[in-house]
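Derivation of every value follows stated rules applied to the coordinates shown; laboratory data play no part. The model shown is predicted, which means the values in this text are computed figures rather than measured ones. In this analysis, Cβ positions are derived from the backbone assuming ideal geometry, glycine residues included, and neighbour counts consider all displayed protein chains.
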C-alpha cells in the first residue's frame, strides 16, 4: 500500500514538474508547455486555452459550454444549421 501511494505521489510530482497542458473532454484546461494526452494546439474551434483544446473541440460541431472565443465555423454551425433543425412548437 505504501508503494502504491509513493508511485502515485511520484506521478503527481512528475506531472507538476513537466507542467504540460492538459484539457479534459469538458473543455477545462490546466498547465503550461507542450500538449499532453488528447490535447491539441491549433485548429481549435472552442474551449480554447493558450491556443490548445481537447481533441473533441477540433470539430466545430462539438458544443462547448464554457464562455469564450469561438471560430467562425463554430458560430456558423451553431447559429444557422443547429438552430434550423430544432422543432417549432
Study note, to complete from the structure: Expected output for region 23-39 (first residue on the phi < 0 side of the Ramachandran plot and touching a residue at least 60 places away in the same chain (Cβ under 8 Å), partner in a loop (DSSP other than H, G, I, E, B) and surrounded by 14 or more Cβ atoms within 10 Å (Cβ to Cβ), Cβ below 7 Å, 6+ apart or cross-chain) is none
Point to revise | Residue list for region 35-45, restricted to those being in a loop (DSSP other than H, G, I, E, B) and in contact with a strand residue (DSSP E or B) (Cβ under 7 Å, 6 or more places away or on another chain) | key: 36, 37, 38, 44
